[in-house]
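J.: Below are the structure tokens for one structure; questions will follow.
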Amino acid sequence: METMMGLINLEHEHDFLNELTYFRCGAAVPFGGRFRMIDFTLSNMAKSNIQEVAIFTRNKYRSLMDHLGSGADWDLDRRHGGLFILPPDWNDPTDISKGDLKYFHNNLDYFERGKSDYVLISGSQFISNTVYDKMFQHHLDRNADVTILTTTYETLHSEHNACIKVVQDEDGWVTCLNNDTENAHIFTGVYILRKSLLLDLVKDCIANHKSHFFLDGIKANLERLNIQTYRYEGYSAIVNSVESYYRQNMALLDTNAYKKLFFDSTPIMTKVGNQPPTKYRGTSIVTKSLIATGCVIDGSVENSILFRGVHVGEGASVKNSIIMQRCKIEPGVHLENVILDKDVSISKEQILKGAKEQPYIIAKRTII
Amino acid sequence: MKKECVTMLLAGGAGTRLGALTQNLAKPAVPFGGRYRIIDFALSNCLNSHMFTVGVLTQYSPLELHKHIGVGKPWDLDRMHDGLTTLSPFTEHTGGNWYLGTADAITKNRTYIEGYDPDYLLVISGDHIYHMDYDKLLRHHKKTQADVTISVLEVPWKETSRFGILNTTDDLRIYDFEEKPLHAKSNLASMGIYIFNWNVLKDYLEKDATDPDSDHDFGKNILPAMLADNLRLYAYRFEGYWKDVGTIESYWEAHMDLLAEDLERFLNNNEWRTYSHDSNFPPQLIDEHAVVHQSLVNNGCIVSGTLDHSILFENVQVGKGATIKQSILHPGVRVGKNVYLERVIAKEDVVIPDNTTLIASDDQEPIVLSIENQKKMMNA
């Protein structure tokens with residue numbers, strides 16, 4: 001049976017969430033009440049019978065490594081294969097490679113040693129819950145050089161501007177990849193190709209002083225390569241800015257969206273925190289909210305997302321906000337359109353209000 | 001490899017007084033507290049007290065229990081040299097038999113215990129809800145130079161007839177047992193938690209095994225024999241919450257206890273966390289129609305109705321217009337629209353259709369709803 005190895009390439013996702021990415025890479029930013037951004041991609045890979053996953057990460061990866069550990073929470077603590085975090089441990093004095101090609105060049109042995117003949121590459125900004133087996137079968141059936149995962153959105157938002165758009169012929173072969181803002185057919189950043197082709201393209205890119213594997217190795221060779229599309233039909237979101245981060249979190253408060261993302265396929269896996277069930281006390285008023293375990297709620301929570309272990313004091317109100325792990329909100333506080341990063345304390349009677357389109361972000365461990 | 005203390009966790013009981021709750025399920029595997037199974041409390045105590053050599057004795061309906069404990073990973077008991085070992089009854093060249101009593105279960109696993117050449121044997125059961133530092137108990141045992149130490153709890157005088165009562169001198173040396181006495185002389189009840197000097201216990205187990213009239217039970221046979229021989233038996237006073245969820249009423253009550261203010265910190269306690277499995281369900285969704293008061297709710301729940309003094313395990317859905325009062329809904333339960341439940345325990349995956357009303361009045365035992373008995377209950 002043909003198999004794939006996974007590669008999560010974080011090289012093109014730097015510091016895109018302002019305060020939230022001051023101390024961590026985007027992949028490690030909490031999302032959806034109990035997850036981190038990378039959980040979606042990593043779970044999808046693990047569910048697709050991918051037994052080895054490599055991660056290219058340049059900096060601010062302490063939080064990511066803490067979250068991933070040995071990979072046990074994704075069933076990736078394997079004797080054969082498993083999880084390989086590959087930070088820039090580069091010591092080849094003859095190395096002339098640039099950009100993300102540096103990761104490939106310095107880890108050629110890793111790819112050569114892998115047992116799989118195919119590689120599935122992804123970033124962490126495409127949020128979905130799926131299994132890639134049908135896409136892989138499609139890739140094999142169509143005998144494509146590269147298969148890219150695409151999707152379409154009814155309404156285009158600012159986050160889609162940065163995405164590569166796809167034009168294809170009637171058989172699904174890609175004829176053009178560009179940034180046409182009118183085109184709703186979007187490349188998700190997920191693609192499959194044969195490992196030997198990947199390594200050939202990498203060598204070619206390095207020899208020609210290129211710096212971006214997808215743009216220089218694949219997009220630039222559109223004439224030469226047969227690139228097939230595979231359409232993703234399920235619920236998904238692209239998160240690459242504070243605005244899209246806020247909007248796509250809030251979108252999950254809609255029961256249909258929540259069910260589609262979390263219940264249409266098997267669960268998204270994450271690091272387990274072992275918190276008790278959330279306690280709603282006698283004075284709690286909670287409506288249209290997504291709430292993780294370990295919270296204690298005395299006050300009112302409306303249209304908001306609470307991560308694990310958040311305390312909302314009596315008479316406090318939280319509205320249109322995202323409150324991350326272990327924040328303490330004391331009695332009488334009023335929060336509206338804010339994002340509190342982990343371990344923030346808001347003392348009695350404080351009022352914090354952000355704009356609807358641009359929430360007010362409070363960095364980790366702040367006391368106000 | 002020598003270990004100072006080996007823990008034997010008795011988890012084989014049928015828990016018959018729990019009725020439908022233990023129909024196809026060992027009592028230690030019965031769901032508890034919104035995300036746990038009963039045995040999680042004893043196993044988490046082991047982890048938190050650094051008791052890392054734990055034999056779990058199973059017998060009755062063990063499938064779910066075995067799946068749950070696995071190699072002991074959630075409790076850090078998946079260890080290189082000791083950790084968790086599941087000990088089920090087995091056959092050998094001389095034949096084989098079920099565990100005939102608590103003491104017999106230990107006797108049959110002498111090989112396991114002696115592999116660690118322990119000085120002490122801690123015997124606990126997987127039936128109780130409590131937080132306890134077994135290491136403190138062990139230190140107390142060593143300090144008093146006892147042969148046996150029994151953990152005891154002060155119970156209200158009017159309830160002494162429900163417990164095994166220990167009569168002690170002022171320094172807590174035990175001189176007498178009374179099983180469920182009508183007129184108790186003491187209100188110190190045994191919690192079924194013992195520490196033995198292994199070399200002392202060994203001989204008593206050997207003698208007991210050859211006695212055809214024995215029930216092979218610690219409370220009935222071993223401890224009285226030790227007392228008769230004037231061994232040093234001491235009581236260790238436990239303070240804190242302890243509940244034997246032996247009946248449907250006490251199971252329900254223990255859950256209502258969790259909602260009471262004075263037990264607030266019991267589950268939500270960073271110094272003494274209770275560990276369990278996690279199925280990775282997303283956070284709970286409380287929608288715009290929901291009203292939630294005095295309740296515990298776990299991951300993966302979608303609540304559209306009203307919750308009052310209730311406990312929802314993972315992946316439960318409550319429809320619009322439904323009211324859930326003083327009830328416990330196990331994982332995967334689906335409650336339809338406009339349902340009214342009061343003092344109901346719904347077992348795993350029960351589906352309650354729209355417009356159902358089920359009430360157990362205060363003088364009745366709470367209703368246990370399972371897939372098997374559901375039809376009968378609904379019509380009644």
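J.: In the range B:323-380, what residues are in contact with a helix residue (DSSP H, G or I) (Cβ under 9 Å, 6 or more places away or on another chain), exposed (fewer than 15 other Cβ atoms within 10 Å of the Cβ) and of a type in the set (Lys, Arg)?
T.: none
J.: So B:LEU100 clears everything in (1) surrounded by fewer than 22 Cβ atoms within 10 Å (Cβ to Cβ); (2) part of a helix (DSSP H, G or I); (3) of a type in the set (A, V, I, L, M) except one condition, right? Which one?
T.: (2)
J.: Could you say whether any residue in the range A:82-104 is open to solvent by 10 Å² or more (accessible area, probe 1.4 Å), over 28 Å from A:LYS203 (Cα atoms) and touching a residue at least 40 places away in the same chain (Cβ under 8 Å)?
T.: no
J.: Specify which of the listed residues (A:GLU330, A:GLU336, A:GLU357) is in contact (Cβ under 8 Å) with a residue 60 or more places away in the chain, more than 14 Å from every other protein chain (Cβ to nearest Cβ) and charged (D, E, K, R).
T.: A:GLU357
J.: Could you check the range B:272-294 and list, in sequence order, the residues that are in contact (Cβ under 8 Å) with a residue 60 or more places away in the chain, among the aromatic types (Phe, Trp, Tyr) and either within 11 Å of chain A (Cβ to nearest Cβ) or outside any loop (DSSP other than H, G, I, E, B) (or both)?
T.: Matches in the range B:272-294: B:TYR275 only.
J.: Return the pairs, sorted by first residue and then second, in which the second residue is surrounded by fewer than 21 Cβ atoms within 10 Å (Cβ to Cβ), the first residue lies in the range B:209-225 and is of a type in the set (Lys, Arg), the beta carbons are less than 9 Å apart, and the residues are 6+ apart or on different chains.
T.: B:LYS220/B:GLY101; B:LYS220/B:GLU179; B:LYS220/B:SER214
J.: Looking only at the range B:244-271, which residues are open to solvent by 40 Å² or more (accessible area, probe 1.4 Å) and touching a residue at least 40 places away in the same chain (Cβ under 8 Å)?
T.: Hits for the range B:244-271 are B:ASP244, B:THR247, B:GLU249.
J.: Now for a separate question. Mind checking whether some residue in the range B:297-317 is open to solvent by 10 Å² or more (accessible area, probe 1.4 Å), modelled with pLDDT of 95 or more, more than 22 Å from the chain's Cα centre (by Cα) and more than 14 Å from every other protein chain (Cβ to nearest Cβ)?
T.: no
J.: Among the residues of the range A:270-298, write down those that are touching a strand residue (DSSP E or B) at 6+ places or on another chain (Cβ under 9 Å), in a loop (DSSP other than H, G, I, E, B) and either at the interface with chain B (Cβ under 7 Å from one of its Cβ atoms) or closer than 15 Å to B:ASN268 by Cβ (or both).
T.: Across the range A:270-298, the qualifying residues are A:THR270, A:PRO276, A:PRO277, A:ARG281, A:GLY282, A:SER284, A:LYS288, A:ALA292, A:THR293, A:GLY294, A:CYS295, A:ASP298.
J.: If you scan the range A:213-226, which residues turn out to be part of a loop (DSSP other than H, G, I, E, B) and open to solvent by 50 Å² or more (accessible area, probe 1.4 Å)?
T.: A:GLU223, A:ARG224, A:ASN226
J.: Considering only the range A:236-269, state which residues are in contact with a helix residue (DSSP H, G or I) (Cβ under 9 Å, 6 or more places away or on another chain) and facing another protein chain (nearest Cβ under 7 Å).
T.: A:TYR258, A:PHE262, A:PRO267, A:ILE268, A:MET269
J.: Further question on the same structure: Checking the conditions here, which among A:ILE50, A:ILE55 is open to solvent by less than 10 Å² (accessible area, probe 1.4 Å), in a loop (DSSP other than H, G, I, E, B) and under 20 Å from A:GLY189 (Cα atoms)?
T.: Exactly one residue qualifies, and that residue is A:ILE50.
This table checks each residue for (1) at pLDDT 95 or above; (2) in a helix (DSSP H, G or I).
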site: A:ALA237; (1), (2): yes, no
site: A:GLU243; (1), (2): no, yes
site: A:LEU252; (1), (2): yes, yes
site: A:ASN256; (1), (2): yes, yes
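J.: Counting just the residues of the range B:129-169 that are of a type in the set (Lys, Arg) and at pLDDT 95 or above, which one comes out surrounded by the most Cβ atoms within 10 Å (Cβ to Cβ)?
T.: B:LYS142
J.: Just to be sure I understand, how many residues within the range A:18-33 are surrounded by 18 or more Cβ atoms within 10 Å (Cβ to Cβ), within 24 Å of A:SER289 (Cα to Cα) and either out of contact with any Ser or Thr (no Cβ under 8 Å at 6 or more places or on another chain) or within 14 Å of chain B (Cβ to nearest Cβ) (or both)?
T.: 5
J.: Within the range A:338-353, can you find the residues that are out of contact with any helix residue (DSSP H, G or I) (no Cβ under 9 Å at 6 or more places or on another chain) and part of a loop (DSSP other than H, G, I, E, B)?
T.: Matches in the range A:338-353: A:LYS342, A:ASP343, A:VAL344, A:SER347, A:LYS348, A:GLU349, A:GLN350.
J.: For the range A:67-81, which residues satisfy the criterion of being open to solvent by less than 50 Å² (accessible area, probe 1.4 Å), touching a residue at least 24 places away in the same chain (Cβ under 8 Å) and not in a loop (DSSP other than H, G, I, E, B)?
T.: Once the filter is applied, which keeps residues that are open to solvent by less than 50 Å² (accessible area, probe 1.4 Å), touching a residue at least 24 places away in the same chain (Cβ under 8 Å) and not in a loop (DSSP other than H, G, I, E, B), the range A:67-81 yields A:HIS67, A:LEU68, A:TRP74.
J.: Now for a separate question. Mind counting the residues in the range A:330-362 that are over 24 Å from A:GLU243 (Cβ atoms) and open to solvent by less than 10 Å² (accessible area, probe 1.4 Å)?
T.: Of the residues in that region, 1 qualify.
The values are calculated or read from the model by the stated rules, or taken from the named source; none is laboratory data. In this text, all values refer to a predicted model and were calculated from it rather than measured experimentally. Positions of Cβ are backbone-derived with ideal geometry, glycine not excepted, and every protein chain shown enters the neighbour counts. These accessible areas exclude ligands, DNA and RNA; they are computed on the full protein's heavy atoms, side chains included. Shrake-Rupley method; radii C 1.70, N 1.55, O 1.52, S 1.80 Å.
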